Ligand code: ADP
């Protein structure tokens, strides 16, 4: 019988406490899936910052410890709270650098570097104060990557001497640049190793990658892509040199949250045998947004952070190029101001055909997956992507760029439509293909059923993570 492993899982966001994007879904579901593995051989504990956006009253909190973290100038007080969901302990770390920041991800990099370096170090110190020694510290993205570097810097500390480290890359492009001051204030020196490009020796993500025993990209294709100049963000050489440590494990989705049979945000629940019920959800969306309620007009959906990465501009241009085809579109997203304006202009230029809902709206997201016919994901890069997996589970067919996790999860012509180059003409071509298939109801239904049958639950990937932890 393998012994229980202690896993400290650090993330900047986790559903249901706070969610901005896919990392929130992952941190809000993978730890449960790991705990639920038969045999209960992983004592995994989640740690997140106590962001201002987290509603205090919704979760019963217990204050478990308080201490000061050494920082140049003045030490900073840390308070740790605990709440449990099921049998998963969740620690929330509070302190001025977190309280002083309004947003989960602040537009000012100095605010975020102070906040997340504080958080990463406080999470490690918390484990020591609770006398709970992790066998593995698993960090996610740049926000928590520094914790792994800090462990390396404390290699002669007996508390950390046996601990192994894993860094998951959900998005390599965000590295935490501009953190020099905060790193130095928390006494984390630049790494002195020519393996890392000079610019990366004082940046959180490269430091975490340098320190990590294992590097996990969130899909097998992304694990390969980040070792190329096109996707490697300048770290491709370093990652190629460490290829033995790099692996790809596909994210999963929480089937209990994303299930059209039980989804309480949908006016009608359905499954693969009752697909026609989707028409009611579609009609409700059409009426609500001033589009004519007509099941025969295909409805495109988009649920996304509005970021260059996601190809919102490509989607807008492609839709503009298809005035001759019948379609409606609902674009749900918030973020980059220029992209929001582009979506708003599309709405103004195509009244009664397009709605731009420029906000974060969890309920509407569920309804878009449940009621639209196709989900547009023309991403320039996509480490894994959850939206396409959720869409497939809801019988909403993804039309997506063949990259990263999109390529690993969508089967072209069977469960979705893929195209190669991230450009409006290529997307428009794929949309025309999709539209012509939509006009063949039998083929369309077959695709919907195949998409719904694809299994993206965490079960398989959780096993892979357990194997990875044990291999360390
Ligand atoms: P990323 O992590 O790059 O943002 P993913 O596709 O992996 O992209 O995950 C996005 C997650 O965030 C999905 O659960 C999606 O439904 C959700 N989401 C994104 N934008 C919004 C929004 N504006 N309103 C509601 N949910 C959103």
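The values are calculated or read from the model by the stated rules, or taken from the named source; none is laboratory data. The structure displayed is predicted, hence computed values, not measured ones. Heads up, the Cβs are rebuilt from the backbone with ideal geometry, glycines too, and the neighbour counts pull from every protein chain shown.
Would segment 423-441 turn up any residue that is in contact with a strand residue (DSSP E or B) (Cβ under 8 Å, 6 or more places away or on another chain), within 16 Å of the ligand (Cβ to nearest atom) and under 23 Å from residue 222 (Cβ atoms)? Taking every residue of segment 423-441 in turn, none turns out to be in contact with a strand residue (DSSP E or B) (Cβ under 8 Å, 6 or more places away or on another chain), within 16 Å of the ligand (Cβ to nearest atom) and under 23 Å from residue 222 (Cβ atoms). For segment 396-433, a residue qualifies if it is within 19 Å of residue 454 (Cβ to Cβ) and surrounded by fewer than 23 Cβ atoms within 10 Å (Cβ to Cβ), and the qualifying residues are 402, 407, 408, 411, 412, 413, 414, 415, 418. Quick one: would you say residue 222 is surrounded by 17 or more Cβ atoms within 10 Å (Cβ to Cβ), within 21 Å of the chain's Cα centre (by Cα), at pLDDT 95 or above and in a helix (DSSP H, G or I)? Judged against the criteria, residue 222 is a match. With respect to residue 390, is the statement that it is more than 9 Å from the ligand (Cβ to nearest atom) and at pLDDT 95 or above true? No: the conditions fail for residue 390.
Applying the criterion of at least 1 residues that are away from the ligand (no atom under 16 Å from the Cβ) and buried (at least 21 other Cβ atoms within 10 Å of the Cβ) to the strands (runs of 3 or more DSSP E) found wholly in segment 1-89 leaves 5-10, 42-49, 76-85. The one condition from (1) closer than 19 Å to residue 369 by Cα; (2) modelled with pLDDT of 95 or more; (3) surrounded by fewer than 22 Cβ atoms within 10 Å (Cβ to Cβ) that residue 471 does not meet is (1).
When the criteria are applied in full, residue 460 meets the requirement of being modelled with pLDDT under 95, in a helix (DSSP H, G or I) and at negative phi. In this structure, residue 410 does not satisfy being touching a residue at least 40 places away in the same chain (Cβ under 8 Å) and either within 16 Å of the ligand (Cβ to nearest atom) or over 18 Å from the mean Cα position of the chain (by Cα) (or both).
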